[in-house]
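J.: Quick one: structure below, then a few questions.
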Amino acid sequence: MVNESGLRRDVRALVARSWDPNLSLREWRTILVDSGWAVPSWPERWHGRGLPAWADGIVRDELRACGAVWSVPSGLAGPTILEQGPDDVRERFLRPLLTGEEVWCQLFSEPSAGSDLAGLTSTAILDGDEWVVNGQKVWNTSAHHADFGMLLARTDWDVPKHEGLTYFALPMHQPGVEVRPLRQMNFHSSFNEVFMTDARIPRAWVVGAPNRGWTAALATLAHERSFSILGRTDTRGVTEGRALAELRVEAAESAKVYSWYPQRAGRADLAIPHAHEVGRGADPVVRQEIARLVSLQRIGQWTAERATAARRLGRPPGPEGSIGKLALSTLARQAHRVHTMLAGAHGLLAGNDDGAPFGGIVAEILISTPAQSIAGGTDEVQRNILGEKALGLPKEPDAFRGVAYRDARAR
C-alpha cells in the first residue's frame, strides 16, 4: 500500500543521494528516469514505478520542496506511445523522450483536413523495410526544432476513411521533410507547415498498428484536451545551479511559441483594470458583462480542477476535456466582447501605436481569440464528442459511412 508520507520520504532520500544542482539538466533527468521517479505512475518496465496516478503530483511537489528540478518533457507523444505501443516502439522512443534528448511535434492537420481530420490525404506506402511518405501538414507547433513528428497518414484507400490511417514516428531531420514557418495576423509565428516528399520511416516505427491510427490519434487528442499536458515550468524554491539555468533556457525557448496564448484565451485578468482605465468601472452594463466573464472564468477553473483530480485518481481522459475546451472558447468570446466594449475603435490600435490600450495587447486579444474555438478541435467537434460519446446521442448523418475512402472522394 502506497502512502503519501512514505512516498515523500523516498523522494527525499533520492534527492539526498543523487541531487547536485551543478549536474546538467540531462544528467539529472537521466537519474530520474533510471530510478523511476521521472514518471512514477508509469509501469516499471517503461521507466516508472507502477504507482497510482496521484503519485506524480506528490513526487513533483516534493522534488521542488527539496530544491531539486522537476521537468519531464513527455508531451503528447509520451502518453500516446505508452498507451498504444507496441513494445519495440516504447523501447525505442520513451526513454530519450523523457530525458529531453529527442523533441517531438504533432503532424495531424492538413489544408483540407482540419475538423474532418480523418479526411486527410497524406500517404504512406510500404516499400520494403521503409514507409515512403508524401503530403503536407499545417498548424504544426515546434516542427522547426523537433526531432520526430507524430504523423497521421493514409495507408489504405479502399476502406472507410477512419480505418485506413496509420500513426507513425516520422524522423524530421531528413532531406524529404521541409518545414516552413507561418506568419500569423497577430504578428507571431508559432506554427509551421510541413511538406513531405518521399520522406522515409522505418517499417517498425508505427504507433499502435498499421491501419489503426485513428485509435492512436484519438488517444493523443484526448490527452491534449485533458489539461494534464500543458503546464508552466515551476522553479520556485529550486537550488541555483547548472540544472536550473539550463531548465530556464529550455523553458524560455519553449515558451516563445506559446507567448500569445494568454491573449488567445482572452486575458480576462485585464477586464477590470481595462474598465477602470477608461473610466467605466461604475457603468452597470459593463459591470454586468464583467460579472459574466468572471463567472465563466471560475466555471472553467473548476472544470480544469475536476479533470486534474480525475487524472490523479488514475482515470483516463474523459468528457471533461471537451467540456473544458468549450468553456475556454466561451470565456474567450466573452472576454473579446468586454474588451471591445471598453476599447471601442481604439482596440484596433496595435503595438506602439499612440493610444493603443495596454500597449497593443487588446488589439492582439481581438485578433487572437477566434483561434481558441478552432485549436485542438473546433467547438462543433467538441459538441459532437459530448453528444455522441458522453450523452449517447445518434451520430451525425454521413452518406459515406462504410464506403471506401477512394470511392467517397470520387463522388
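Taken together, the values in this text are just the output of simple stated rules run on the coordinates, not laboratory data. None of the values given here were measured: they were computed from a predicted structure. Here Cβ is always computed from backbone atoms with ideal geometry, including for glycine, and neighbour counts include all displayed protein chains.
J.: Report the label-to-label distance for residue 391 and residue 8 in nanometres (one decimal), using points 7 Å from each Cα along the Cα→Cβ vector.
T.: Simple spin-label model gives 4.4 nm for this pair.
J.: Starting from the Cα gyration tensor of the chain, take the square roots of the eigenvalues, sort them a ≥ b ≥ c, and report rounded, prolate or oblate (rounded when a/c is under 1.5, otherwise prolate if a/b is larger than b/c, else oblate).
T.: Numbers: a/c = 1.59, a/b = 1.09, b/c = 1.46.
Taking the square roots of the gyration eigenvalues as a ≥ b ≥ c, the chain is oblate.
J.: Among 259, 275, 294, which residue has its Cα furthest toward the positive end of the charge dipole of the stretch 226-317, with +1 on Lys/Arg Cβ and -1 on Asp/Glu Cβ?
T.: Checked the options; the winner is 294.
J.: Straight-line reach from residue 389: which aspartates and glutamates have a Cα under 12 Å away, not including same-chain ones fewer than 8 places off?
T.: 320
J.: DSSP beta bridges in the chain, what fraction antiparallel, as a percent rounded to 5? Intermediate values should be presented prior to the final figure.
T.: Working: 28 of 33 bridges.
Antiparallel bridges: around 85 percent, rounded to the nearest 5.
J.: Express the relative contact order of the chain as a whole percentage, based on alpha carbon pairs under 8 Å and six or more residues apart in sequence. Numbers along the way, then the final one.
T.: Values: 706 pairs, mean separation 62.4, N = 411.
That works out to 15 percent.
J.: Okay, next question. Which aspartates and glutamates have a Cα lying under 20 Å from the Cα of residue 325, excluding residues fewer than 8 positions away in the same chain?
T.: Partners found: 116, 224, 269, 305, 379, 380, 388.
J.: HN-Hα J couplings of the stretch 40-53 from phi, Karplus 6.51/-1.76/1.60, θ = phi - 60°, integer Hz, Gly and Pro as x?
T.: x, 7, 6, x, 4, 4, 10, 6, x, 10, x, 8, x, 4
J.: Could you work out the helix-only [θ] at 222 nm for the chain, with each DSSP H run of four or more residues adding -39,500 (n - 2.57) and the total divided by the number of residues, to the nearest 500 deg cm²/dmol?
T.: Values: 14 runs with 169 residues, N = 411.
It lands at -13000 deg cm²/dmol.
J.: Arrange the following residues from fewest to most other Cβ atoms within 10 Å of their Cβ: 172, 185. Walk me through the intermediate numbers first.
T.: Details: 172 23, 185 9.
Fewest to most other Cβ atoms nearby, the residues stand as 185, 172.
J.: Also, quick follow-up: Can you tell which of 68, 106, 47 lies farthest toward the positive end of the dipole of the stretch 1-157, using +1 and -1 charges on the Cβ of basic and acidic side chains (Lys, Arg; Asp, Glu)?
T.: Comparing the listed Cα positions along the dipole, 68 ranks first.
J.: Let me ask something else about it. Under the rule a/c < 1.5 gives rounded, and otherwise a/b versus b/c splits prolate from oblate, where does the stretch 103-143 land using the Cα gyration tensor?
T.: Numbers: a/c = 2.86, a/b = 1.37, b/c = 2.09.
Oblate shape, in that a/c is at least 1.5 and b/c is the bigger or equal ratio.
J.: Determine one quarter of the surface area of the Cα convex hull of the stretch 98-215, which equals its mean projected area, and express it in nm² to one decimal. Don't skip to the end; give the middle numbers.
T.: Details: hull surface 31.5 nm².
Average of the hull's projected areas for the stretch 98-215 equals 7.9 nm².
J.: Would you list which lysines come within 19 Å of residue 137, measuring only between C-alpha atoms, while excluding same-chain residues fewer than 8 positions from it?
T.: List returned: 161.
J.: Roughly how many Å is it from the Cα centre of the stretch 314-336 to that of the stretch 353-398, as a whole number?
T.: Using only Cα atoms, the two centres lie 10 Å from each other.
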